[in-house]
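The values are calculated or read from the model by the stated rules, or taken from the named source; none is laboratory data. Since the structure is predicted, the reported quantities are computational estimates derived from the model, not experimental observations. FYI the Cβ positions are ideal-geometry reconstructions off the backbone, even for glycines, and counts take in every protein chain you see.
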Amino acid sequence: MKIIMLGAPGAGKGTQAKMIAEKYGVPHISTGDIFRANIKNGTELGMEAKKYMDQGLLVPDELTVKILLDRVAGDDCKGGYVLDGFPRTIPQAEVLDKALEEIGDKIDFAVDVDVPDENIINRMGGRRACLGCGATYHLEHVPPKKEGICDTCGRELVLRDDDRPETVKNRLEVYHKQTQPLIAFYQQKGILKTVDGTADRKDVFQAITAILG
Ligand code: ADP
Ligand code: AMP
C-alpha cells in the first residue's frame, strides 16, 4: 500500500504517518526528517536544505525529488510506504507518478489531514521535537511523560527553528500557494480522501484506517 499524507505544516501528518506505518508495517518516509538528519550530520545536502528551511521556504524540487526517489527505491519499500511531506509541489507529484508508472505502479491513497490555519499556529508553537529519534510531542495535546525529555530515547526536546512564529507564517503562505493545489490534483485522479484533522489524534487515525481498510 502506497500512501501520501497531505495537509498544512503542523496538521498532524507525521503523527498519523507514524501510526499508519506501525499498523500496516510499511516505512514512514518524511523528507523533512531526511533533511534534518542531513543537517545534524553536517552533509552538503543538509547545509543547502537548511538555507531554505530556516526561512520557511521549500527546498528546490531538484534536490528533494532525487532524495525521495532514491529512498523509495530501497528494498524496504517494495511492500509500500507512507510519504509524509512529499510531494509538496505539482512538479514533485508528477515526477513521482512518472517514476511509479515506469515500474507499473501507482499511489493508492492521498490522505488530506484538514486543519484550519488558526489551529495550525497553536499546533506548531506547541510542537516539541526530539533531535535524537525524531519523535514529536505537543506541550498541551501530546505532552511527554517528563517535561522536556523524549519518552522514547531520553534526549532533550526542542522547538524546531522553523516552528518559530515568524517562520510559521511563511510556511503557511508557502503551503497555500505551492502545496494546496495538490488536493485538486489527487481529487482528479480519484484517490483523494479527506479527514478532519482537528479531532483527537486517535479519532483521526480511526477515520484513516476506515479508509485504508
Ligand atoms: P506535521 O507532520 O503535519 O507537520 P505533526 O504530526 O508534527 O504535524 O503535528 C504537529 C503538532 O500537533 C505536534 O506537536 C503534534 O504532537 C500535535 N498534534 C498532532 N495531531 C494532533 C491532534 N489530532 N490534536 C492535537 N494535536 C495534535
Ligand atoms: P516537515 O518536517 O515536513 O515540516 O518539513 C520541514 C521543511 O523541510 C519544510 O518547511 C521544507 O523547507 C523542507 N521540505 C520537506 N519536504 C519537502 C518537500 N517535499 N519539498 C520541498 N521542501 C521540503
| task | Filter region 15-31 down to residues that are in contact with a helix residue (DSSP H, G or I) (Cβ under 8 Å, 6 or more places away or on another chain), in a helix (DSSP H, G or I) and within 15 Å of ligand 2 (Cβ to nearest atom), then give me how many there are. | result | 3
| Can you spot a residue in region 136-152 that is surrounded by 13 or more Cβ atoms within 10 Å (Cβ to Cβ), polar (S, T, N, Q), touching a helix residue (DSSP H, G or I) at 6+ places or on another chain (Cβ under 8 Å) and not in a helix (DSSP H, G or I)? | yes
| query | Only one residue in Arg201, Arg160 is away from ligand 2 (no atom under 16 Å from the Cβ) and charged (D, E, K, R). Which one? | reply | Arg201
| Can you pull out the residues in region 70-107 that are among the basic types (Lys, Arg), without any contact (Cβ under 8 Å) to a residue 60 or more places away in the chain and in a loop (DSSP other than H, G, I, E, B)? | Lys78
| Cross-chain or 6+ apart pairs with Cβ under 8 Å, region 186-213 first and small (Gly, Ala, Ser), then in a loop (DSSP other than H, G, I, E, B) and within 16 Å of ligand 2 (Cβ to nearest atom) | Gly197/Gly7; Gly197/Ala11; Gly197/Gly12; Gly197/Val115
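Which one of these is closer than 19 Å to Phe86 by Cα, within 17 Å of the chain's Cα centre (by Cα) and touching a residue at least 24 places away in the same chain (Cβ under 8 Å): Ala110, Ala129? Show your work before the answer.
Working: Ala129 fails: closer than 19 Å to Phe86 by Cα.
When all the criteria are applied, what remains is Ala110.
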| field | Failed criterion for Leu45 (all others in (1) loosely packed, with under 13 Cβ neighbours inside 10 Å; (2) assigned to a helix (DSSP H, G or I) hold) | value | (1)
| task | All but one of (1) within 16 Å of ligand 1 (Cβ to nearest atom); (2) modelled with pLDDT of 95 or more; (3) over 22 Å from Pro181 (Cβ atoms) hold for Ala37, so report the exception by its number. | result | (2)
| message | Just to be sure I understand, how many residues within region 153-171 are surrounded by fewer than 18 Cβ atoms within 10 Å (Cβ to Cβ) and assigned to a helix (DSSP H, G or I)? | response | 5
